[in-house]
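*Asks:* So that we are looking at the same thing, I have put the structure below in structure tokens.
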Amino acid sequence: AMNHARAAGVPIIVAINKIDRENANPALVKQQLAEAGLVIEEWGGDTIAVEISAKQQLNIEELLDSILLVAEMEELKANPNQPAVGIVIEAEMDKNRGPLSTVLIQTGTIREGDTVVVGNTWGRVRAMFNDKGKRIKKAEPSTPVEILGLNEVPNVGDTLNVVTDERHAQELLAQRRAEQEKAAAAQKGINLHNLFDQINAGNVKELPLVLKTDVQGSIEPIRTSLEQLS
């Protein structure tokens, strides 16, 4: 989780839970965080850590205040007065209701009746439900919402975009499919002989590698050597 947060370049707030238990040792957790490169504020670092108990509701307000403080310092803002953009965090096929997707709205506002494009599918929002299962009419930034009305089940990580109508939905879908076909064609034609030509042409951004060794201890030195290459 820490590596994902670092890779995304986002600030980290640590909630140290279960402090109500007899064997709780927050100091050990803070030491382990420091060893992982997260030095908390009281130890002279810049990582906020809040000791909480979800069971006894201890210091929950302090945790929320810390989140608001970091959001204010980092100027993390979103404009609710535009078509919504979000990301799919869960998706499934419900045997009674059809395709369902849980989306975290990142900016803008989504409303019941909106036409949406999600990944490679689209639909019209027939109903929306909040995290408590209550039906809602709209969802603003930072709101997780379950959406009913897509034609197919999207993939986790797909982007949701609110569009004006079905015509614009089909245009966006066609654009996305064209980009995927272009990327697939570029990948299909790659081999060791033309790899560097493809990299220079901008068709390849990454070189996926599978490391396989006969003993587990051999893999780390190889991985370290590869990571040191430019």
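The values are calculated or read from the model by the stated rules, or taken from the named source; none is laboratory data. All values derive from a computational prediction rather than experimental measurement. Cβ: placed from backbone, ideal geometry, glycine included. Neighbour counts: every protein chain shown. Surface accessibility is based on the protein's heavy atoms, side chains included, excluding ligands, DNA and RNA. Shrake-Rupley method; radii C 1.70, N 1.55, O 1.52, S 1.80 Å.
*Asks:* Please verify whether I89 is open to solvent by less than 90 Å² (accessible area, probe 1.4 Å), under 30 Å from A169 (Cα atoms) and either assigned to a strand (DSSP E or B) or acidic (D, E) (or both), treating the condition exactly as stated.
*Replies:* Judged against the criteria, I89 is a match.
*Asks:* Among the residues in segment 163-173, are any assigned to a loop (DSSP other than H, G, I, E, B), modelled with pLDDT of 90 or more, open to solvent by 60 Å² or more (accessible area, probe 1.4 Å) and out of contact with any Lys or Arg (no Cβ under 6 Å at 6 or more places or on another chain)?
*Replies:* Within segment 163-173, the first condition is being assigned to a loop (DSSP other than H, G, I, E, B), and the residues that meet it are 164-165.
If we keep only those that are modelled with pLDDT of 90 or more too, we end up with 164-165.
The next check asks that each one be open to solvent by 60 Å² or more (accessible area, probe 1.4 Å); those that pass are 164.
The next check asks that each one be out of contact with any Lys or Arg (no Cβ under 6 Å at 6 or more places or on another chain); those that pass are 164.
Checked against the condition, which is being assigned to a loop (DSSP other than H, G, I, E, B), modelled with pLDDT of 90 or more, open to solvent by 60 Å² or more (accessible area, probe 1.4 Å) and out of contact with any Lys or Arg (no Cβ under 6 Å at 6 or more places or on another chain), segment 163-173 yields at least one hit.
*Asks:* Here is a further query. Take the residues in segment 43-83 that are more than 28 Å from T107 (Cα to Cα) and assigned to a loop (DSSP other than H, G, I, E, B), then tell me which one is most open to solvent (accessible area, probe 1.4 Å).
*Replies:* K55
*Asks:* Looking at T159, T224, which one is within 24 Å of the chain's Cα centre (by Cα) and at pLDDT 85 or above? Steps first, answer last, please.
*Replies:* Numbers: T224 fails: within 24 Å of the chain's Cα centre (by Cα).
Exactly one residue qualifies, and that residue is T159.
*Asks:* Tell me, please, whether a residue that is in a strand (DSSP E or B), more than 21 Å from T107 (Cβ to Cβ) and of a type in the set (A, V, I, L, M) can be found in segment 150-161. Spell out how you get there, then give the answer.
*Replies:* Taking segment 150-161 first, the residues in a strand (DSSP E or B) are 150, 159-161.
Retained after the next criterion (residues that are more than 21 Å from T107 (Cβ to Cβ)): none.
No, every residue in segment 150-161 fails to be in a strand (DSSP E or B), more than 21 Å from T107 (Cβ to Cβ) and of a type in the set (A, V, I, L, M).
*Asks:* A further question follows. Criterion first (of a type in the set (V, I, T), in a strand (DSSP E or B) and more than 30 Å from I67 (Cβ to Cβ)) does V125 satisfy it? Even if it seems obvious, please write down each step before you answer.
*Replies:* Numbers: of a type in the set (V, I, T): yes; in a strand (DSSP E or B): yes; more than 30 Å from I67 (Cβ to Cβ): no.
Considered against the rule, which asks whether it is of a type in the set (V, I, T), in a strand (DSSP E or B) and more than 30 Å from I67 (Cβ to Cβ), V125 comes out as no.
*Asks:* Give all pairs with beta carbons closer than 9 Å in which a residue from segment 196-211 that is free of Cβ contacts under 8 Å to residues at least 60 places away in the same chain and under 19 Å from E179 (Cα atoms) meets a residue that is assigned to a loop (DSSP other than H, G, I, E, B) and not charged (D, E, K, R); count only pairs at least 6 apart in sequence or on separate chains.
*Replies:* Q198/G189; Q198/I190; Q198/V204; I199/L207; N203/G189; N203/I190; V204/I190
Conditions (1) out of contact with any Ser or Thr (no Cβ under 9 Å at 6 or more places or on another chain); (2) open to solvent by 30 Å² or more (accessible area, probe 1.4 Å); (3) closer than 13 Å to V85 by Cα, marked per residue:
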position	(1), (2), (3)
E112	yes, yes, no
G123	no, no, no
M128	yes, no, no
K132	yes, yes, no
E146	no, yes, no
G149	yes, no, no
E152	no, yes, no
D158	no, yes, yes
N161	yes, yes, yes
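*Asks:* Can you tell me which condition L104 does not meet? The list is (1) surrounded by 12 or more Cβ atoms within 10 Å (Cβ to Cβ); (2) modelled with pLDDT under 95; (3) of a type outside the set (G, A, S); (4) not in a loop (DSSP other than H, G, I, E, B), and all the others hold.
*Replies:* Looking at each condition in turn, L104 falls short on (2).
*Asks:* Only one of these is touching a helix residue (DSSP H, G or I) at 6+ places or on another chain (Cβ under 8 Å), on the phi < 0 side of the Ramachandran plot and free of Cβ contacts under 8 Å to residues at least 12 places away in the same chain: V39, V50, V14, V10. Name it. Even if it seems obvious, please write down each step before you answer.
*Replies:* Working: V50 fails: free of Cβ contacts under 8 Å to residues at least 12 places away in the same chain; V14 fails: free of Cβ contacts under 8 Å to residues at least 12 places away in the same chain; V10 fails: touching a helix residue (DSSP H, G or I) at 6+ places or on another chain (Cβ under 8 Å).
Of V39, V50, V14, V10, the one residue that is touching a helix residue (DSSP H, G or I) at 6+ places or on another chain (Cβ under 8 Å), on the phi < 0 side of the Ramachandran plot and free of Cβ contacts under 8 Å to residues at least 12 places away in the same chain is V39.
*Asks:* State the number of residues belonging to segment 3-35 that are at pLDDT 90 or above and either loosely packed, with under 10 Cβ neighbours inside 10 Å or not in a loop (DSSP other than H, G, I, E, B) (or both).
*Replies:* 16
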